[in-house]
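Q: Below: one structure in structure tokens.
All of the numbers you see were taken from the coordinates with simple rules; none came from a lab. Since this is a predicted model, take the numbers as computed values, not measurements. Here the Cβ positions follow ideal geometry from the backbone for every residue, glycine too, while neighbour counts run over all protein chains shown.
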Amino acid sequence: MPNTPVLRLCGITKYFGPLAANDDISLTLNAGEMLALLGENGAGKTTLMSILFGHYVADSGTVEVQGEALPPGSPRAALTAGVGMVHQHFTLAGNMTVLENIMLGTEPLWGFRRNSARARAKLGALMERFQLRVDPFAMVRGLSVGERQRVEILKVLYRDARILILDEPTAVLTPQESDHLFATLRELVNQGVSVIFITHKLREVMAASDRCVVLRHGRVVLETSTKATSAEELAKAMVGASIPQATRTPHPHGEEVLFLDRVNASAPDRGASLNELTLSVRAHEILGIAGVSGNGQALLADLLSGLVAPAGGNIVLRGQTVNHLTPAAMIRAGVGRVPDDRTGTGLVADMTVMENLSTEIYRLPGFSKRGMLNFKALASRAAQLMDVFDIRCAGPDAPVRKLSGGNMQKLILGRVLSQGPHLILANQPTWGLDVGATAAVHQHLLDAARRGAGVILISEDLDELFQLSDRIQVMYQGRLSAPQDTSVDRARLGLMMSGQTFDHRGAA
């Protein structure tokens, strides 16, 4: 019944050392309700859901499901009580079928044989009831991203979950897959399932949720009906202040800074390849690369970073053909790289802020002499960049691993943009960032293009691409479509991303 609480979190408090990740949080979830949980990075959302699902134990407070207290620290008790969670990164076995993945862990280990017929019947009834279609005998590794997410939801429903938690559920979906997901969630809600979804996409919150809860610094700062609020009010509640919207202003394009002429490349260990890639980027231009994860975007980023050599075709930077690709050569040629993995390839987590800001310039005159580093000059430069790019930390000597994701990204941008690059490769630059940090990153990229850089923006977020790009190309199975103007219909772009109307010759 509507407005009947099925879940209560009462006074949840959780400390990690002196940090209060959750500070006396209380919230309810009603039967047949879709609740959006919002907050900046580090606001306490994941910690709160981990306590609910039994991965963490709260220092104080209680969790009640259907009026019964949930034993702390027991995922099995949460599952038994009807709580299911779909994580942002799927947890499916690619070498097993859909049915095998769904049955996994639901039958006793000491059974002599699996009851596949009963499982098949139950799964079929769930697919029919909730319109979640997928082939039970298909191997998971062959499924699309959207189909894998359906399997994750079916896996939870198969265990009779009545409370469904989804963490960033549309992070890797096309627009059509996102629409299908929320239509499915609404059908679940209509049939009495209660849903909590965590997201940074305010457009989805406004379109899909019934109620919103905003966390900031581990506390609830806003709880409201979605109809009674706005995206602007939610964003302000998340960061505690109004967020200036980064907007693209048309600017005459300058000289061509990058031209890829029918470039081929491969990475057999990753099962990825680039096929006859052609693109052009000019000064003052932001070229967006759209596509579902796994279609060659990572290999394109590696190619332009000098980590992978082309197997054919030509790469021309500012009129000069590049014959020898290495990361150092690309940096010398004026290519600034913002990688998708901040802590894995973008930064050295155990080094300091100053050391990370110095990794690409320490050999330059003024910063070293005869093999000896000028630490005073490096520290002075680091302090200046921290101020310009608003990198918030204890100081130049602070270890990078202690920075938030947003401050790590601003550190990378400071390192890249301070060198005045002619070409900037920004690969998923706002992945996992909250609205405040995202707005800052967007403004830095727009400012760089305004000053004369050419920017390649690889992103799976169509909102981001439409907001920043001058033109958009779609990448599908290692090929690029012809450039599309940003007036292109969003649905058409989504069909191209899924391969349904894709034609690399531009006839999509």
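Q: Using only Cα atoms and rounding to the nearest 10 degrees, what angle (0 to 90) does helix 405-417 make with the longest principal axis of the chain?
A: 10
Q: With everything on Cα atoms, drop me the angle between helix 435-451 and the longest principal axis of the chain, reported from 0 to 90° to the nearest 10.
A: In the chain, helix 435-451 runs at an angle near 20 degrees to the longest axis.
Q: Further question on the same structure: For residue 491 and residue 184, what is the calculated FRET efficiency with R₀ set at 22 Å and r taken between the beta-carbons, to the nearest 0.05?
A: The formula returns an efficiency of 0.75 here.
Q: Between residue 159 and residue 93, what is the label-point separation in nm under the 7 Å Cα-to-beta-carbon projection?
A: Each label point is offset 7 Å from its Cα along the Cβ direction, giving 1.5 nm.
Q: Pairs of alpha-carbon atoms within less than 8 angstrom and 6+ residues apart define the contacts here; what relative contact order does segment 5-239 have, in percent?
A: Reported relative contact order: 29 percent.
Q: Check which residues have an amide H placed less than 5 Å from residue 258's amide H, if you skip close sequence neighbours.
A: Result for residue 258 returns 281, 318.
Q: Right, here's the next one. Taking θ = phi - 60°, what integer Hz values does the Karplus form 6.51 cos²θ - 1.76 cosθ + 1.60 yield along segment 301-316, in sequence order, with x for Gly and Pro?
A: Karplus values, whole Hz, x for Gly and Pro: 4, 5, 4, 6, 8, x, 8, 10, 8, x, 8, x, x, 10, 10, 10.
Q: Still on this structure: Relative contact order, percent, of the chain when contacts are C-alpha pairs under 8 Å separated by at least 6 residues?
A: Reported as a whole number, the value is 15 percent.
Q: Then there's this: Taking θ as phi - 60°, what are the ³J(HN,Hα) couplings along segment 54-69 by the Karplus curve (6.51, -1.76, 1.60), each to the nearest whole Hz, with x for Gly and Pro?
A: Once θ is set to phi - 60°, the couplings for segment 54-69 become x, 6, 10, 10, 5, 5, 7, x, 9, 10, 10, 10, 6, x, 9, 5 Hz.
Q: Here is a follow-up. Ranking 45, 402 by Cβ neighbours within 10 Å, fewest first, what do you get?
A: Listing 45, 402 from fewest to most nearby Cβ atoms yields 402, 45.
Q: Once the piece of chain linking residue 311 and residue 375 is laid out straight, how much longer is it, given 0.36 nm per residue of separation minus the C-alpha distance between them?
A: 18.9 nm
Q: Below 8 Å between Cα atoms, with a sequence gap of 6+, how large is the relative contact order for segment 256-497 in percent?
A: Reported as a whole number, the value is 29 percent.
Q: Sort 392-399, 56-63 by packing, meaning the average of other beta carbons within 10 Å per residue, with the highest value first.
A: Put in order of decreasing packing, that is 56-63, 392-399.
Q: Given the Cα-Cα distance of residue 451 and residue 500 and 0.36 nm per residue of separation, how much length would full extension add, in nm?
A: Contour length minus the Cα-Cα distance gives 13.8 nm.
Q: A further question on this structure: For the chain, take the longest principal axis of its alpha carbons; what is the angle in degrees between that and the long axis of helix 145-158, to the nearest 10 within 0 to 90?
A: Once rounded, the angle reads 20 degrees.
Q: Between residue 39 and residues 5 or more places away or on another chain, which pairs have amide H atoms under 5 Å apart, with H built 1.01 Å from N, and which residues are they?
A: Placed amide hydrogens put 215 under 5 Å from residue 39.
Q: Moving to a separate point now. Whole-Hz ³J(HN,Hα) for each residue in segment 122-130, computed from phi via Karplus 6.51 cos²θ - 1.76 cosθ + 1.60 with θ = phi - 60°, x for glycine and proline: what do you get?
A: Residue by residue, segment 122-130 yields 5, 5, x, 5, 5, 5, 5, 5, 9 Hz.
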